[in-house]
1. Starting from residues that are loosely packed, with under 14 Cβ neighbours inside 10 Å and outside any loop (DSSP other than H, G, I, E, B), keep the ones in the stretch 1-27 and report whichever is modelled with the lowest pLDDT.
2. Of all the residues that make up the stretch 178-193, how many are closer than 21 Å to residue 106 by Cα and either at pLDDT 95 or above or assigned to a helix (DSSP H, G or I) (or both)?
3. Please enumerate the residues belonging to the stretch 243-269 that are over 21 Å from residue 208 (Cα atoms) and more than 24 Å from the chain's Cα centre (by Cα).
4. Going by the structure shown, is residue 115 farther than 17 Å from residue 141 by Cα, of a type in the set (Val, Ile, Thr) and not assigned by TED's automatic domain parsing to the domain that holds residue 41?
5. For the stretch 28-125, which helices (runs of 4 or more DSSP H) that fit wholly inside it have 1 or more residues that are within 18 Å of the chain's Cα centre (by Cα) and over 30 Å from residue 174 (Cα atoms)?
6. When you scan the stretch 118-155, how many residues do you find that are surrounded by 15 or more Cβ atoms within 10 Å (Cβ to Cβ), at pLDDT 90 or above and under 22 Å from residue 52 (Cβ atoms)?
7. Please pick out the residue among 105, 53, 76 that is buried (at least 21 other Cβ atoms within 10 Å of the Cβ), in the same structural domain as residue 179 (by TED's automatic domain parsing) and modelled with pLDDT under 90.
8. Yes or no: residue 159 farther than 17 Å from residue 266 by Cβ, buried (at least 22 other Cβ atoms within 10 Å of the Cβ) and of a type in the set (D, E, K, R)?
Amino acid sequence: MRAASFGHGLLAGVGAREGLELVSRIAEEEIDRLPGMATELVGLGVQALGAVSPSAVHAAYKATRTIPIVAVDLESDPVANGWAASLGRPGGNVTGVFLDLPELSAKCLQMLTETVPKLTKLGVLWDPATGSVPLQALEKVTGSLSLAMVVQKVSGSGDFEGAFRAIGAAEGTGVLMLPSPLFTSNLQLLADLSLAHRFPAITLFPEFARTGGLLAYGPDLPRLFRQAGALTRKILEGASPAEQPIERPARFQLVVNLKTAEALGVTVPTSVLLLADEVIE
């Protein structure tokens, strides 16, 4: 039995276990390679495709409407994108783990504004390859707030420095990084830039705060992939993807870096610290 995983920033091995062969393809920042990778994997006759990132799911869905696709996608609405008829009964060949974007955006923004109550401007880093859904979700959340939003498009790590500079002065400004595999593979760089430009910043990847960013609120990534792996096993054992409900991440983590808070002159309120799963001192 052969299964395949591919995506934009996914690290996976190739090997065999209990008769299962796993074939992986990694595009990293070269997302234009994904359609060819998807076509190649379909041609190998795999029994399931694991697609990580919206671009990977798009490529897989274009390459096949019959081979089951198990997505790990933290940026898309599968129903709005036409990959599934509903969350409870997808009805096609796509299932997997997706995020509730408006709820996540609201929670991240709540954490940032609670930590920095004098926030008047929000710099937003957005990777257009993830589609417009994450940005639209954030716009819905910020619509009723007296908060100016400055959106910076970034398509590669070489765009980060310019984006931080374009956001402007640090006083009264915070930064929110929308979900993207591009950010996942560059968390140390993003944490360093946030600190260098003196921006209190938040993203959904816990490692961002562990490497020097101020805040992170998002899914436990190792558990997320185990969750997707369990779903893939069900499908390889005969379950239909059309009947497998689309799942949400099972666990979220709030990580607060007090060393960074001190460097930025930010006093993290007790209300945030009490909610934190991890506090770095």
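The values are calculated or read from the model by the stated rules, or taken from the named source; none is laboratory data. As the structure is a computational prediction, the values presented were derived from the model and not from experiment. Here the Cβ is made from the backbone with ideal geometry for all residues, glycine too, and neighbour counts use every protein chain on show.
1. Kept after step one, since they are loosely packed, with under 14 Cβ neighbours inside 10 Å, are these residues of the stretch 1-27: 1, 11, 13-19.
Filter once more, keeping what is outside any loop (DSSP other than H, G, I, E, B): 15-17.
Values: 15: 33, 16: 38, 17: 46.
It comes out as 15.
2. To start, the set of residues in the stretch 178-193 that are closer than 21 Å to residue 106 by Cα comprises 178-181, 183-184.
Next, from what is left, pick out any that are either at pLDDT 95 or above or assigned to a helix (DSSP H, G or I) (or both): 181, 183-184.
Within the stretch 178-193, residues that are closer than 21 Å to residue 106 by Cα and either at pLDDT 95 or above or assigned to a helix (DSSP H, G or I) (or both) number 3.
3. 243
4. Values: farther than 17 Å from residue 141 by Cα: yes; of a type in the set (Val, Ile, Thr): yes; not assigned by TED's automatic domain parsing to the domain that holds residue 41: yes.
Answer is yes for this residue.
5. Values: elements: 34-43, 54-63, 101-115.
Because the criterion is at least 1 residues that are within 18 Å of the chain's Cα centre (by Cα) and over 30 Å from residue 174 (Cα atoms), the helices (runs of 4 or more DSSP H) in the stretch 28-125 that meet it are 34-43, 54-63.
6. Residues meeting the conditions: 4.
7. Numbers: 53 fails: in the same structural domain as residue 179 (by TED's automatic domain parsing); 76 fails: in the same structural domain as residue 179 (by TED's automatic domain parsing).
After ruling out the rest, the residue left standing is 105.
8. Numbers: farther than 17 Å from residue 266 by Cβ: yes; buried (at least 22 other Cβ atoms within 10 Å of the Cβ): no; of a type in the set (D, E, K, R): yes.
Judged against the criteria, residue 159 is not a match.
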